[in-house]
Amino acid sequence: MQKDYKTIELTAIYEISKLLGSSLNLKTNLRGVMRVLSEYLNMKRGTVALRNASEVSIVAAHGLTEEEIKRGKYRLGEGIIGRVAKLGSPIVIPDIGEEPLFLNKTGARKMIRRENVSFLCVPIKFKSEVLGVLSVDRLFETKGVSFEEDLRLLKIIASLMAQSVKLHNELERERVAFLEEKENLTRQLKGRYRVENIIGHSDSMQEVFEAIHKVAPSSANVLLRGESGTGKELVAKAIHFMSSRTKDPFIKFNCASIPEGLLESELFGHEKGAFTGAMTMRKGRFELADRGTIFLDEIGDLPITLQPKILRVLQEKEFERVGGEKTISVNVRLIAATSRNLEELLAEGKFREDLYYRLNVVPIYLPPLRERQVDVPVLVEYFLKKYNEENSKSVRIDPGALAALVSFGWPGNVRELENTIERLVVMSAEEVIGLSELPLAIRDRSLKEPQVVPLKDALPDAVADVEKARIIDALKKTAWVQAKAARLLGITPRQIGYKIKRYGIEQ
């Protein structure tokens, strides 16, 4: 009899060890342990309760209904289970009918003759930390095994459980920390890429901001058009972080940065062995962007041979990896950008007409910097502050140099302006940057086309000066008829009325 019981014990322990390592779902594993105890050791009723800071709650059981399990919550020190969870020592109740501390909170034992049931309860401990409690009912009249042997077996099982519970708790803490960090980074990025943080006071940029606000909440494809350096990626990120996809990936890819032979693999991924060097399966950008946004920059450089596959993703939301047969479904929002003339590419047969119309659902034009000179002083102020902080300096730009920066054409747009300011801050030995310290191209342009509007020392005032002067000039040309002046400036009558009031312009 004793030999047979030992064999059964070892078999049960082996099965439990396999179960606890079978998956990362702790509750499923613990339920499996209770099932093994029932099958191999004739356990009629048992529970596993896990502890938190203030209480211990049943998470897995055998012989209890779901409703009874829900009622199984104990404060630390309350009842037998609560006391074991608090003290960390096993307790044996020979007859629960004679034990006043036994609470029967679950209500599971009302149909059993209480005087014929004993109760064994052991802590689930990892080193000195009590993680929970394992408890079983024992019909002592039907067993020829001592309480000591039962306790020994339960302690072994509880020790195996403790390792799984501890690992689960550590993984859960890491998961929560990861999610909190992800949420924090998302909030930071969302704040960084708000429309309010894109610098632009000009009317043309106000139109861009209005378009962003309208299109962001939708799922429409967006086509950003404009010269290189106008801030297309910044606008794409603003649209993403203002949309319902803000918590999901934002994946960017430059279609002109990768050789044509590798583009399909980069965008759609490849299977292991798809081509020489494909040692493992690799997900492409579309798959990585699932549920989020993919930003394809320089879409005009996309080879004509690859365009049908892009069109299929947009229409059918599915594709196959290179070398694969499995169809992969994705839900992505596409924001494309180009500095090229897509209409000319259409006429030359280098861009598909059906793809063009799929991309061009909501076009947004980003004006070059030369078309929004009133924004230059504000951008200069922003970049000065940024690079002064990075280089621990306090460099300023005098009015003459600022006037030259405003009048320059900036073929590289905002990116070129930023690089110029960074270089001036880094290289300047003085606190004030004058005209002579500007790059030669800017100085030459300044000498040929001097700034007509005098600029004050304060950069925000400089913006107001330029804008106010343009409005007064337009009003004079139209005999102070606001509607005509607004049309001349390319703004609405409401906008010009607001600006006249703001600047206190009077006839």
(request) Determine which member of the set LEU24, LEU10, LEU19 is assigned to a loop (DSSP other than H, G, I, E, B) and out of contact with any Pro (no Cβ under 7 Å at 6 or more places or on another chain). (result) LEU24
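Every residue, every condition in (1) over 15 Å from LEU311 (Cβ atoms); (2) at pLDDT 95 or above; (3) of a type in the set (A, V, I, L, M, F, W, C); (4) part of a strand (DSSP E or B), yes or no:
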{"site": "ALA337", "(1), (2), (3), (4)": "yes, yes, yes, yes"}
{"site": "LEU346", "(1), (2), (3), (4)": "no, no, yes, no"}
{"site": "ARG358", "(1), (2), (3), (4)": "no, no, no, no"}
{"site": "ASN388", "(1), (2), (3), (4)": "yes, no, no, no"}
(request) Quickly run through segment 250-265 and pick out the residues that are over 16 Å from ALA336 (Cβ atoms) and crowded, with 16+ Cβ neighbours inside 10 Å. (result) GLU264, SER265
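Look through segment 446-504, keep the residues that are part of a loop (DSSP other than H, G, I, E, B) and at pLDDT 80 or above, and return whichever of them is nearest to GLU371 (Cα to Cα). Quick ask: steps written out before the conclusion?
Our first condition is that a residue be part of a loop (DSSP other than H, G, I, E, B); within segment 446-504, this holds for 449-458, 478-481, 490-492, 504.
Add one more test, that the residue is at pLDDT 80 or above, and what stays is 478-481, 504.
Details: THR478: 22, ALA479: 25, TRP480: 24, VAL481: 24, GLY504: 25 Å.
By that ranking, first place goes to THR478.
What about ARG443, is it out of contact with any Ser or Thr (no Cβ under 9 Å at 6 or more places or on another chain) and not hydroxyl-bearing (Ser, Thr, Tyr)? Step through it out loud before you land on a result.
Numbers: out of contact with any Ser or Thr (no Cβ under 9 Å at 6 or more places or on another chain): no; not hydroxyl-bearing (Ser, Thr, Tyr): yes.
For ARG443, the condition - out of contact with any Ser or Thr (no Cβ under 9 Å at 6 or more places or on another chain) and not hydroxyl-bearing (Ser, Thr, Tyr) - is not met.
Would a scan of segment 91-99 turn up a residue that is surrounded by 17 or more Cβ atoms within 10 Å (Cβ to Cβ), without any contact (Cβ under 8 Å) to a residue 60 or more places away in the chain and among the charged types (D, E, K, R)? Can you show your working first?
Kept after step one, since they are surrounded by 17 or more Cβ atoms within 10 Å (Cβ to Cβ), are these residues of segment 91-99: 91, 93, 96.
Adding the requirement that they be without any contact (Cβ under 8 Å) to a residue 60 or more places away in the chain leaves 91, 93, 96.
Narrowing further to those that are among the charged types (D, E, K, R): none.
No.
Across segment 226-256, what is the total count of residues that are among the aliphatic types (A, V, I, L, M) and part of a helix (DSSP H, G or I)? Break it down into steps so the answer makes sense when it comes.
Step one: of segment 226-256, the residues among the aliphatic types (A, V, I, L, M) are 234-236, 238-239, 242, 251, 256.
Pick out the ones that are also part of a helix (DSSP H, G or I) and you get 234-236, 238-239.
Matching residues across segment 226-256 total 5.
If you go through segment 272-291 one residue at a time, how many are assigned to a loop (DSSP other than H, G, I, E, B) and either free of Cβ contacts under 8 Å to residues at least 40 places away in the same chain or touching a Ser or Thr at 6+ places or on another chain (Cβ under 9 Å) (or both)? Before you say what the answer is, go through the steps one by one.
Initially, segment 272-291 is screened for residues assigned to a loop (DSSP other than H, G, I, E, B), giving 272-281, 283-284, 289-291.
Filter again for either free of Cβ contacts under 8 Å to residues at least 40 places away in the same chain or touching a Ser or Thr at 6+ places or on another chain (Cβ under 9 Å) (or both), leaving 272, 274-280, 283-284, 290.
Looking only at that region, the number is 11.
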(request) Only one of these is of a type in the set (Lys, Arg), at pLDDT 75 or above, at negative phi and touching a Gly at 6+ places or on another chain (Cβ under 6 Å): LYS86, LYS70, LYS155. Name it. (result) LYS86
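The values are calculated or read from the model by the stated rules, or taken from the named source; none is laboratory data. Computed from a prediction, not measured in an experiment: that's the story for all the values here. Backbone-built Cβ (ideal geometry, glycine too); neighbour counts: all protein chains shown.
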